[in-house]
Structures are given as structure tokens and as C-alpha cells.
Amino acid sequence: PHILRANQELQERRRRIRVDYVNGNEDRIRKWAELYAIDDTDNQDMDQLYQELMFRVDSIPVTLALAQAIVESGWGTSRFARQGNALFGEWAWSESKGIKPLSASNGRAVVRSFVTIFDSVRSYMHNLNTHAAYENLRHERQKYRDGNPDPLTQRLIPTLDRYAEAGDMYIRKLRNIVQTNNLEIYNNAVLVRAN
């Protein structure tokens with residue numbers, strides 16, 4: 001439900017950005033551009049910023065988010081997941097923002113912690129939608145949005161080779177988790193309103 005809720009929030013943001021663009025609200029478009037870490041906003045016109053926002057502000061497939069949460073949190077059993085609601089292994093560089101790993105390739109790094117699991121999901125999605133390392137993911141997702149019928153998760157997994165230090169091994173692990181656990185069935189999941 002947290003993944004679905006965060007995706008719903010992203011779709012609502014897309015809608016609001018579209019409304020701001022149609023209404024010619026340049027100030028709002030520039031604020032959205034700052035939030036989504038678009039470089040050199042001062043030298044881009046509103047049309048360019050809008051196109052880049054539509055490229056960045058978009059959903060992450062449920063299957064992909066589930067697979068990464070499983071791998072990064074050890075099925076929710078890791079110390080980072082239990083103590084810091086950290087499902088996706090995001091790094092931070094200030095000890096006050098997370099939990100220090102017992103061993104890490106960088107001595108300053110901590111695994112970012114969150115007040116709630118939903119905060120972790122939102123941060124993960126924002127990371128994929130803004131960080132330069134995941135631009136290929138955004139390009140592949142755009143192709144799908146433009147009508148390519150291939151299963152999206154399988155097309156996006158190879159774009160995550162920079163998400164973990166393990167690179168290709170990480171990609172194989174994600175594919176295996178998706179296939180072994182039949183996670184693709186969750187791509188059709190929807191939130192229902194409780195009465």
C-alpha cells in the first residue's frame with residue numbers, strides 16, 4: 001500500500017504540474033523544477049522545464065519497488081529496516097541522518113533512516129526520479145509511457161546497475177527475486193478506499 005500511495009502522490013503531482021503549465025504559472029513550474037533537481041533552471045524556458053518535469057515526475061512499478069525493498073532490507077529483517085524504516089538502503093553522509101553500517105566502503109556513509117516506512121518509499125522514488133545515476137531508468141520508463149508494450153519492470157531492472165556496488169550481480173538478484181516470487185502480479189494492484 002505504501003508503494004501504491006506514493007505512486008498515487010506522483011500522479012497527482014504530474015496533474016498539478018500540467019495544470020500549472022497550462023495556466024502559464026512559471027513561478028510554480030520553476031519551484032517544481034527545483035524540487036526535482038533539474039539543473040540550470042535559470043537558462044531554460046517554461047516549455048523545457050515542463051518537458052523535463054514530465055520526464056522525471058512519474059510512477060515506479062510496484063514490482064520493481066518490491067524487489068528492491070526485498071533485496072535492500074533482507075525481506076524487512078535488516079537492522080536498517082527494523083531500526084530506521086530504511087527499506088531501500090539509501091546512503092547519507094551525515095551520521096545524524098542514519099544508521100552506521102558495521103562495515104562500509106566509505107567510512108562517512110550511513111544508511112539513511114526515516115520516521116515512517118512511507119517516508120522511505122517516497123525518498124526512494126524521489127531518488128530514482130532525480131539522481132543522475134538513474135537517468136537511463138527514466139528514459140526506459142518514458143519509452144513505456146509512449147506505448148511500448150514490453151513489461152516495464154524487466155526493462156527497468158538493467159538500468160539499476162549503479163544502485164548497488166554489486167552492479168551486474170545486483171541486477172541478477174533483482175531478476176531472480178521478481179521471477180522466483182512472481183512479483184509481477186502486483187503490477188495490477190490498486191488501492192481501495194476503506195469505508
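The values are calculated or read from the model by the stated rules, or taken from the named source; none is laboratory data. A quick note: this is a predicted structure, and the numbers were derived from the prediction, not measured. Cβ placement follows ideal geometry from the backbone for every residue including glycine, while neighbour counts extend to all protein chains displayed. Keep in mind that these areas ignore ligands, DNA and RNA; they rest on the heavy atoms of the full protein, side chains included. Shrake-Rupley method; radii C 1.70, N 1.55, O 1.52, S 1.80 Å.
For the chain, what does the alpha-carbon gyration tensor say about shape, rounded, prolate or oblate, given a ≥ b ≥ c as the root eigenvalues, a/c under 1.5 as rounded, and a/b over b/c as prolate?
prolate
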task = Sort out for me the Cα centre separation of the stretch 35-67 from the stretch 117-188, rounded to whole Å.
result = 16
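To the nearest 0.05, what FRET efficiency results for Trp75 and Asp119 with a Förster distance of 25 Å applied to their C-beta separation? Don't skip to the end; give the middle numbers.
Working: r = 20 Å, r/R0 = 0.79.
Result of the calculation: an efficiency of 0.80.
For Ser59, what charge total do you get from the other residues with a beta carbon under 10 Å from its beta carbon, if Lys and Arg give +1 and Asp and Glu give -1?
Numbers: positive: Arg14, Arg141, Arg145; negative: Glu9, Asp58.
Here the charged neighbours net out to +1.
Given a 1.4 angstrom probe, what's the average accessible area per residue across the chain, in square angstrom?
Numbers: 11110 Å² over 195 residues.
Spelled out: the 1.4 Å probe surface of the chain, per residue, equals 57 Å².
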query = What value, in deg cm²/dmol to 500, does the helix sum -39500 (n - 2.57) over DSSP H runs of n ≥ 4 give at 222 nm once divided by the residues of the chain?
reply = -16000 deg cm²/dmol
message = Please list, in order, the residues from the stretch 31-73 whose amide nitrogen is less than 15 Å from a point placed 7 Å along the Cα→Cβ vector of Glu9.
response = 35-36, 57-60
message = Show me the ranking of peptides 40-47, 67-74 by mean Cβ neighbours inside 10 Å, starting with the highest.
response = 67-74, 40-47
request  = Compute the FRET efficiency between Ala132 and Gln154 as 1/(1 + (r/R0)^6), taking r as their Cβ-Cβ distance and R0 = 30 Å, and round to the nearest 0.05.
outcome  = 0.80
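Computing the accessible area with a 1.4 Å probe over protein heavy atoms, can you report the carbon and sulfur percentage for the chain?
Values: 5280 of 11110 Å².
Of all accessible area on the chain, carbon and sulfur atoms account for 48 percent.
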note = Other residues with Cβ under 12 Å from the Cβ of Asp45 give, with Lys and Arg +1 and Asp and Glu -1, a net charge of -4
inquiry  = Taking the Cα centre as origin and putting +1 on Lys and Arg beta-carbons and -1 on Asp and Glu beta-carbons, what dipole magnitude results for the chain, to the nearest 20 debye?
reply    = 800
